[in-house]
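The values are calculated or read from the model by the stated rules, or taken from the named source; none is laboratory data. Quick caveat: nothing in here was measured; it's all calculated off a predicted structure. Positions of Cβ are backbone-derived with ideal geometry, glycine not excepted, and every protein chain shown enters the neighbour counts. Calculation scope for accessible area: heavy atoms of the full protein, side chains included, ligands and nucleic acids excluded. Shrake-Rupley method; radii C 1.70, N 1.55, O 1.52, S 1.80 Å.
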Amino acid sequence: WSKMQPFLLASLLVAAVLGAAPLLKFDAFYPQRTLLFSNHPEPIAREYLAEAGVVLYRTNDDIRGPVRAWYEHLNWAGATISFGVYLYNPNKNPVNILVTGRGFTNKWNGGIPFVELFTPGFTPEQILVPGQSGKLLLQQDGIRNNTLTTGVVDFEVQATTPGAALTTVRVSFVAFVSSKSVTPDLPQIPYFIPGHSQEMLCYKGSSPVSDVQARQLNFVVSDSTPSGALPVAYSAYDMDSQTFLEPVERTPFTSHIGPANTPAAVVLDNIALLTPGWGYIHVLAKSDGNGGYPNWGNWAVTYHLYGSVTNQGKRDRLLQFRMGSPGDSPLAFQNSNGTWDSVIVEHSQGMSTLYQTPLPAGQTVPFAINYVMGGPGYGALTNEFLLQ
């Protein structure tokens, strides 16, 4: 089980020394938030609508506290449909739901919903859900046939009275023509669908972690440090021995993929998904529907990279953080000025700069880099700290 949740491993803290690469190691970001993830079946056929008596993904009755619910699907139902995140209160007593943000789009840029989510200005919504009843927390209408739908909503399950025990709820991701078809008793489509092996590359489930972080990425440079990529050190995972190797300096580093797909991947950034009726899906286990290692891209997981650059030289320098993709990858990222924006990182365009900060001579400059990949998009992203 320890291999199934590497995101709970603690980061090693290493002091920055001139000429030494900082150690890159991911752990869970605090405070933690449950991530609910719906991307299976990715194409919504007519038989996957609520009118056919099913939902795409349904959690157990154990969702509590802060939650981030994310989805990405394609409408192949042959009609204009709606998509919703539906919450059901199985308890006798009412439950308070505090919605703190949401975003969605029909465009082929899965970063847009996260830009809307993270941009200040949303007025929190307090929703009281009576006992043994349900409500749609997010409803995206007008999704035309052969178009994309992707969205995200943050909410918190709260006790109805101060000091009372926390209440748990059930969450469903559902596509429908009429909201009257959405009822609490609809079962979910199984993860394994015979004859649909291509859908085994898509996933659904829950994780106790929605954000990961790497801390103490502290670089030291001087006038003699050449312009170019700054290395970081991390431990790759050896699939043959099933062990982590000694840390090696690398640049760039590869995130959002497992070692079965990319041997030099960071690995520890990847979360595990618990899929009802199936079990855990994780990059270190043969756990997908085809009995192989999943082609998991850590979609909807927010990354936080914290560190500093000490410029011991006598001339000013510049730090840039850049990302590349083997295909097209939609990202939401926080600019150097603190605002959020989206970009599709395209393989044909090379590396995209997400963040930069000046490095005055003789000063230590901290940085905080925040980004998240939406869908649809390629994993195996390259990350690079570039010194100018």
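Overview of results
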quantity	calculated
In the range 122-146, residue least open to solvent (accessible area, probe 1.4 Å) [restricted to those that are farther than 18 Å from TRP76 by Cβ and not in a strand (DSSP E or B)]	GLY131
Some residue of the range 169-192 being open to solvent by 30 Å² or more (accessible area, probe 1.4 Å), free of Cβ contacts under 8 Å to residues at least 40 places away in the same chain and either over 21 Å from LEU49 (Cα atoms) or assigned to a strand (DSSP E or B) (or both)	no
Subset of the range 261-278 (residues that are more than 14 Å from the chain's Cα centre (by Cα) and open to solvent by less than 10 Å² (accessible area, probe 1.4 Å))	ALA265, VAL266, VAL267, THR275
The range 147-168, residues that are polar (S, T, N, Q), closer than 19 Å to LEU56 by Cα and outside any loop (DSSP other than H, G, I, E, B)	THR149, THR150
Failed item, numbered, when THR100 is tested on (1) over 24 Å from PHE176 (Cα atoms); (2) touching a Lys or Arg at 6+ places or on another chain (Cβ under 9 Å); (3) not in a loop (DSSP other than H, G, I, E, B)	(2)
Residues (under 21 Å from GLN188 (Cα atoms), in contact with a His (Cβ under 9 Å, 6 or more places away or on another chain) and not small (Gly, Ala, Ser)) located in the range 266-293	LEU273, THR275
Checklist (1) in a loop (DSSP other than H, G, I, E, B); (2) in contact with a strand residue (DSSP E or B) (Cβ under 8 Å, 6 or more places away or on another chain); (3) open to solvent by less than 50 Å² (accessible area, probe 1.4 Å); (4) touching a residue at least 60 places away in the same chain (Cβ under 8 Å) applied to VAL212, failing item	(1)
Failed criterion for GLU116 (all others in (1) outside any strand (DSSP E or B); (2) acidic (Asp, Glu); (3) in contact with a Pro (Cβ under 6 Å, 6 or more places away or on another chain) hold)	(3)
Lone unmet requirement of (1) of a type outside the set (Asp, Glu); (2) over 28 Å from SER329 (Cβ atoms); (3) touching a Pro at 6+ places or on another chain (Cβ under 9 Å) for PHE104	(2)
All positions within the range 312-328 that are open to solvent by less than 30 Å² (accessible area, probe 1.4 Å) and touching a helix residue (DSSP H, G or I) at 6+ places or on another chain (Cβ under 9 Å)	GLY324, SER325, GLY327
Scope the range 297-311; condition closer than 26 Å to ILE112 by Cβ and open to solvent by less than 10 Å² (accessible area, probe 1.4 Å); matching residues	GLY297, ASN298, ALA300, VAL301, THR302, TYR303, LEU305
Within the range 75-95, considering residues that are of a type in the set (A, V, I, L, M, F, W, C) and over 19 Å from the mean Cα position of the chain (by Cα), the one surrounded by the most Cβ atoms within 10 Å (Cβ to Cβ)	LEU87
Matching residues, the range 103-112, being open to solvent by less than 50 Å² (accessible area, probe 1.4 Å) and assigned to a loop (DSSP other than H, G, I, E, B)	ASN109, GLY110, GLY111
Any chance PHE29 is under 12 Å from VAL209 (Cβ atoms), surrounded by 22 or more Cβ atoms within 10 Å (Cβ to Cβ), of a type outside the set (Lys, Arg) and modelled with pLDDT of 50 or more	no
Odd one out for TYR57, checked against (1) of a type outside the set (Gly, Ala, Ser); (2) open to solvent by 10 Å² or more (accessible area, probe 1.4 Å); (3) under 24 Å from the mean Cα position of the chain (by Cα)	(2)
Elements of type strands (runs of 3 or more DSSP E) contained in the range 216-320, each with 2 or more residues being under 17 Å from GLY205 (Cα atoms)	273-275, 279-281
Matching option when the condition is open to solvent by 60 Å² or more (accessible area, probe 1.4 Å), in a strand (DSSP E or B), out of contact with any Asp or Glu (no Cβ under 8 Å at 6 or more places or on another chain) and farther than 19 Å from GLY103 by Cα, among THR357, THR353, THR382	THR353
Residue match in the range 329-339 (condition: in contact with a Phe, Trp or Tyr (Cβ under 6 Å, 6 or more places away or on another chain), among the aliphatic types (A, V, I, L, M), within 17 Å of ALA214 (Cα to Cα) and in contact (Cβ under 8 Å) with a residue 12 or more places away in the chain)	no
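Let's see how each residue does on (1) within 20 Å of GLY324 (Cβ to Cβ); (2) of a type in the set (A, V, I, L, M):
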{"position": "ARG170", "(1), (2)": "no, no"}
{"position": "PHE176", "(1), (2)": "no, no"}
{"position": "VAL182", "(1), (2)": "no, yes"}
{"position": "PRO208", "(1), (2)": "no, no"}
{"position": "TYR234", "(1), (2)": "yes, no"}
{"position": "PHE244", "(1), (2)": "no, no"}
{"position": "THR262", "(1), (2)": "yes, no"}
{"position": "ALA265", "(1), (2)": "yes, yes"}
